[in-house]
Number of protein chains: 2
Amino acid sequence: MNINWCLYENSYNGELIKYYEGLMTQGNGYLHVRGSYEEGISGAVQDEEYDRKPANVTLEKHKKQKSKWGTYIPGIVGPHPYLKTETINLPYIFDLKVNADGEELDMENCQIEKYERYLNLLDGILTRSFTWKTNKGKVLKLTFSRMISMADKHIAVQTLTIKAESGDINIVVTGDINTGVRTNGFNHFTRIKKEKQDDITRVITETNGGNTITMCSYLDCEGENVIQQGEQLKITKIIQVSTDRDEEIEALKETKEDIRTLDLDRLVERHRLKWTEKWRAADIVITGDNHAQLAIRMAIYHLIRADNEDDPRVAICAKGHAGEGYCGRYFWDTEINILPFFIHTNPKAARNLVKFRYMTLSGAKENAKNYGYKGARYAWESSVTGIEECANWQYADHEIHVTADIIYAMEHYVKATKDVGFIEECGLEMMKETAEYWAERVDEIDGQYQLLGVMGPDEYLPMTRNNAFTNRMVKFSLEKTVQYLSETNQGQKDQLKKWETIKERLRLPYKETDELIMQSDDFASYADVNFDEIWKDRSRYFGEFISQEKNYRSKALKQADVLEMMLLFPEEFTEKQLIANYDYYEPITTHDSSLSAAVHGILAARMGRVKEAERFLDKVIDIDMCPDKCGAEEGIHIANCGGLWQLIVYGFAGLKSAMWEDNIVLNPCLPREWQQVEIPIMWHGERKRVVVTHEGYNIN
Amino acid sequence: MNINWCLYENSYNGELIKYYEGLMTQGNGYLHVRGSYEEGISGAVQDEEYDRKPANVTLEKHKKQKSKWGTYIPGIVGPHPYLKTETINLPYIFDLKVNADGEELDMENCQIEKYERYLNLLDGILTRSFTWKTNKGKVLKLTFSRMISMADKHIAVQTLTIKAESGDINIVVTGDINTGVRTNGFNHFTRIKKEKQDDITRVITETNGGNTITMCSYLDCEGENVIQQGEQLKITKIIQVSTDRDEEIEALKETKEDIRTLDLDRLVERHRLKWTEKWRAADIVITGDNHAQLAIRMAIYHLIRADNEDDPRVAICAKGHAGEGYCGRYFWDTEINILPFFIHTNPKAARNLVKFRYMTLSGAKENAKNYGYKGARYAWESSVTGIEECANWQYADHEIHVTADIIYAMEHYVKATKDVGFIEECGLEMMKETAEYWAERVDEIDGQYQLLGVMGPDEYLPMTRNNAFTNRMVKFSLEKTVQYLSETNQGQKDQLKKWETIKERLRLPYKETDELIMQSDDFASYADVNFDEIWKDRSRYFGEFISQEKNYRSKALKQADVLEMMLLFPEEFTEKQLIANYDYYEPITTHDSSLSAAVHGILAARMGRVKEAERFLDKVIDIDMCPDKCGAEEGIHIANCGGLWQLIVYGFAGLKSAMWEDNIVLNPCLPREWQQVEIPIMWHGERKRVVVTHEGYNIN
């Protein structure tokens, strides 16, 4: 086991099961399974039904559960009674129970020793081994191993070897595709058909979203076996998964081979090869900091795993398809936090992520209509249709920047990849429709266009006037719209003229010369917060110590807002402005959002404040990697994974965004411990490799 | 039937059943039953279960139902899965089915002629008569009549006479206490025990709120009867209702008489006598306008009916205990819209209404604590405990003025009745606790105390800065607190000093000299609305034509806000200010709230704009009385009933509020049609009678 490549657990801890289930999620973009024990665990019912109602999204308390199975296929969604459309937790494919001399394997109650488990990020294979001393005093060594093939999207493989270390042992192994699961306490299954014939189990699940999922497993060596002392038994289970959605996408169509005839070694080899290819394009090598090294690999692993590069009908959900937090919805995280990684490592994947918004344009038009506007208004929380799924009105109604963020991301993608064809194929229509929406959403006041009733990235102020970030993004979006439509001679003249005017006269709540930029026109009127008095324990969310009512009228930011703008429009602000705003906002920012730390880290590095940047690096890593925080319980904070990549690439290595710079230009500020960092970067269609040291950098 | 005393329906109309059920609700403060047909109606299931989720309170679409039974005992409440604590719809006591020659009576399917139904407001007796031509060609005349005794709170009586007009008829009458009911689609009953023995039916209902309700009915002449041509049969049903809550209140304790032995004539006589007494104290007599005459009597009838003058543990819910709209909750309506009627007609009832807030002070303290504050914070929507029950956070969190309104109302009660004992008994504690809350709720900004994040009476702007109405009320409330506590040598010196300072330096978003007063500090920054473009049909709510998102950033008022303040603090604003603000705000006020029209009417009368005041009189009357609008379907807009009383008393008769004036002083401005209006007014404990004509007024 290579410590720079493996997420590792060296003892069984009942309190951390759910955490490691999230952290050790496996997948191949198409199919994702949380890292649950194959045999389950006593005291963790998986099909309990309960009422999960929407609550404040940051501070939502999830149901206390010891373990949570999760099997997700992005795109397989269905309506929940309160939460709207959500990703459905499907039957658990890795179910494998072991009985030795009449005793059931259970990590909680059996006598287990020499436990170790690791997810090898290099090939995404999860391995667990331990010895089990049975009540009758026999000793077995068990090794579970499993993978979801990166090469053969519909195939997952698991093996179990059992060695009898003392005495002959009577072993019964049973495998299942376990349908006893719920999603957020709700049963989305309308029909389940299960057949077992010899060594083949077939489960056909129909969902309340109207889909059919077929799962088929072949289990070798099922049933009773006697293992003689010193001998070992190897059990193999191969699982095939497909849905009725696969047919639409060529790359997802299944080759219907009989799983009994599949060659296990070849499957593993193909899988490893594919992962190697993925890593070649994406691996960041840090010399001098093993902790950061593992963390960035964990982040890249989950980014690669979570993305289905072949399917523009889905994006990457907020929890990276590793849990039921945020119901499997797509946020602006995709565009702003995650996309840069793909732009520079896998442009095809990046294209499909941007194209996802084109695929959901009709939903966005429906949203605009529902609010009484023309054009297209992207959902704050999107599922596969693009219809607004957010159940809390303050976000759904007021956090409108996402519609402009998408155009920003599109332009970023085009600038970095030179894929100008995308504009014609998808972009023009997206821009035209969103511009129509903005033209209706603005209010003309005192000769200016204004955006009132806006929640910016800082979700702790729900309804502000002319949010700097939002208005700047909308201005950018309209500018690009007018530019591209004019260049291609599309769009009606009077419409273009109108959008041009709105862009020109859209109010920004700051002047170019302002040193300190107010987050919104009304920001100064909110109340100061005595953080020391309120925030008694900084290891917990600030939001837990204040009522929403008080929070909503206070100068306490959930996350970077003006600073996020400065990150996205670096050319427009001077060093002096950056410093002034950083020093003003950081102390009143709670970082209750996982999107915040990376932004601050990047800007700290940009200002040359290396200690401060290192502090945020730790914060970013801890979000999912720190077992004390258990951040990964409900899934991976995938935007933060993208954030960690950005912190290293844009922050420490100091890469200038392809949005604003034609060439690879770096302004590094490495952590003091680091000797070197090596980063692969796709730039205008070419693969480059950047090596940065404290002395400088080179590109080849 | 006296047209000035009766709510009258002269033909059966299936579309209006639910409307008349609300409008013709009967009750005695203790028990309330909607005016449903005794036999039910085909196609109207009463025990359907469905999910009613909280929505925007103004525009909430209620389930389309043909008929809705409702039997309510204020205080009998229980938890609903989404709506929090709500009044429970209890078993229907007036159930009475008639079968003639094998045919079931059903207004929808039977051949009905000469239908008339009227609720006599003078004695609260509801009568329905019609002829029924059966399929076999027989003709019967039926007369249903019923009352809920105002004298004997636990008793209701119904009679049915059936006359055979052609042919002998075989009649079967069955009576029931029908438990097949739900509240907002939810079953609150945990256990029902039903016994039928001879002519007695007994139903014991246990609720999920932990109460037990006992209902017992005695039905005379049940079963099969033959009525010979020209003869008639009279059926009597007496119902007794009690709950386990009754024991706490002396006046509600039941005398356990055998209902079989009760003397019907005497019951009716006692009931009528009690109503006569009620009317003597409250009836307003208008000469020259039958429509307004009936309307004010309808309003007074429902005010008297809805109030349990003996029970300070309950108040009057927003729908006057005549439906399930607003879940039977208590709002500021009680204090500001309803209380003046009781102050001047029934001070004992008024006292108990104010005392209700004292009874729920511990809930208010709990609320403050839940928001992180000391002191007491009254619920925006209260049930019997005082705990916040409002399911929509924008109202629950931000519409804080109710806490000050209660102190205003208390002072109004004391000023008008001279019941100074109330202050010591209840008031000091209420004032002290609410002042503690205010001291924590204000923010000190630039040397002033401010109230940020506030929803004023205008609920179309959810989070404003220094709402004029709210801040003025809070200032008043703190002023009274300091005054009373100082007078009685109570309260700690430093606390009093602090409250005094807050009161002194509490920001008002206007100066005394301002002609036009902004509703809040940020009001000017909202967007203007093009009403003609948006509000296509003024007979419907403005809110139906605009998304909440757009509404929340627009200058479109739901109801009077600054004007409400001018009504409550008349001495502080000049005629010129009144005119300026009326002329500014009225055109941008949608009156989507039923609280709005009366306020505007009163102020229009005060300005001598009689036509305008008449226009609002019509609007006020139409809210529940206009069958085209069906406003009473989900219950009576009881605040508007109080508003109509105020419009006549404070508006047309021009009575100066007892809050600001020691003597009865009037400044009348009668509608042109009216020759005279006669108003009974209790003033400082004395009953007065005011007669107003166009020439002047006299008091005796």
Exposure proxy order (Cβ contacts within 10 Å, fewest to most) of B:Ser539, A:Ser520: B:Ser539, A:Ser520
Estimated dipole of the protein assembly as shown in Debye, rounded to 20 [Cβ of Lys and Arg +1, of Asp and Glu -1, Cα centre]: 40 debye
Average beta-carbon neighbours from other chains, 10 Å sphere, peptide B:546-556: 5
Relative packing of B:415-426, A:61-72, which averages over residues the other C-beta atoms within 10 Å, highest first: A:61-72, B:415-426
Reachable aspartates and glutamates from A:Lys138, criterion Cα separation under 14 angstrom, eight or more residues apart if same chain: A:Asp101, A:Glu103, A:Glu104, A:Glu113, A:Glu165, A:Asp168, A:Glu231
Rounded tilt (10° steps) of B:361-370 against the dominant C-alpha axis of chain B: 60 degrees
Charge dipole (debye, nearest 20) of segment A:196-274; +1 at Cβ of Lys and Arg, -1 at Cβ of Asp and Glu: 240 debye
Positive-end residue of A:Asn698, A:Ser596, A:Leu644, charge dipole of segment A:581-700 with Cβ unit charges: A:Asn698
Positive minus negative residues near A:Ser486 (Lys, Arg vs Asp, Glu; Cβ under 10 Å): -1
Crossing angle, helix B:610-625 versus chain B [Cα axis fit, 0-90 degrees, rounded to tens]: 40 degrees
Between helix B:402-417 and chain B: long-axis angle, C-alpha atoms, 0 to 90°, nearest 10: 80 degrees
Euclidean distance of C-alpha centroids, segment B:174-252 and segment A:617-656, integer Å: 66 Å
Of A:Tyr437, A:Thr513, A:Val529, farthest towards positive along the dipole that unit charges on Lys, Arg, Asp, Glu beta carbons give segment A:432-584: A:Tyr437
Within-14-Å neighbourhood charge of B:Thr161 [Cβ basis; K, R +1; D, E -1]: +2
Restraint check, A:Lys348/A:Lys497; B:Lys53/B:Lys114; B:Lys480/B:Lys611; A:Lys114/A:Lys234; A:Lys432/A:Lys576, Cα-Cα greater than 30 Å: A:Lys348/A:Lys497; B:Lys53/B:Lys114; B:Lys480/B:Lys611; A:Lys432/A:Lys576
Sorted by Cβ neighbour density within 10 Å, fewest at the top, the residues B:Trp279, A:Trp499: B:Trp279, A:Trp499
Shortest-first distances to equivalent copies, position B:Ser547, nm, label 7 Å out along Cβ: 3.0
Cβ-based charge dipole, segment B:333-628, positive-most Cα from B:Leu353, B:Val482, B:Asn367: B:Val482
Positive minus negative residues near A:Glu366 (Lys, Arg vs Asp, Glu; Cβ under 11 Å): +2
Distance between segment B:295-319 and segment A:480-501 - C-alpha centres, whole angstrom: 63 Å
Total charge dipole magnitude, segment A:153-197, about the Cα centre, Cβ charges on Lys, Arg, Asp, Glu only, Debye to nearest 20: 420 debye
Euclidean distance of C-alpha centroids, segment A:372-405 and segment B:59-106, integer Å: 39 Å
Average partner coverage of B:396-407, which counts Cβ from other chains inside 10 Å: 1
Residues whose placed amide H lies under 5 Å from that of B:Ile125, excluding near-sequence neighbours: B:Asn120
Other protein chain Cβ atoms within 10 Å, averaged over every residue that makes up A:525-538: 2
Entries of A:Lys141/A:Lys274; A:Lys555/A:Lys619; B:Lys415/B:Lys688 with Cα pairs more than 25 Å apart: A:Lys141/A:Lys274
Order of A:Met659, B:Met463 under a 10 Å beta carbon neighbour criterion, fewest first: A:Met659, B:Met463
Out-of-range pairs (alpha-carbon distance over 18 Å; input B:Lys153/B:Lys193; A:Lys374/A:Lys498; A:Lys475/A:Lys511): B:Lys153/B:Lys193
Amide H contacts under 5 Å for B:Thr589, placed H, 5+ residues apart: B:Leu557
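Every number here is computed from the coordinates shown, using simple stated rules; none is lab data. Since the structure is predicted, the reported quantities are computational estimates derived from the model, not experimental observations. Every residue, glycine among them, receives a Cβ derived from its backbone with ideal geometry; neighbour counts consider all protein chains shown.
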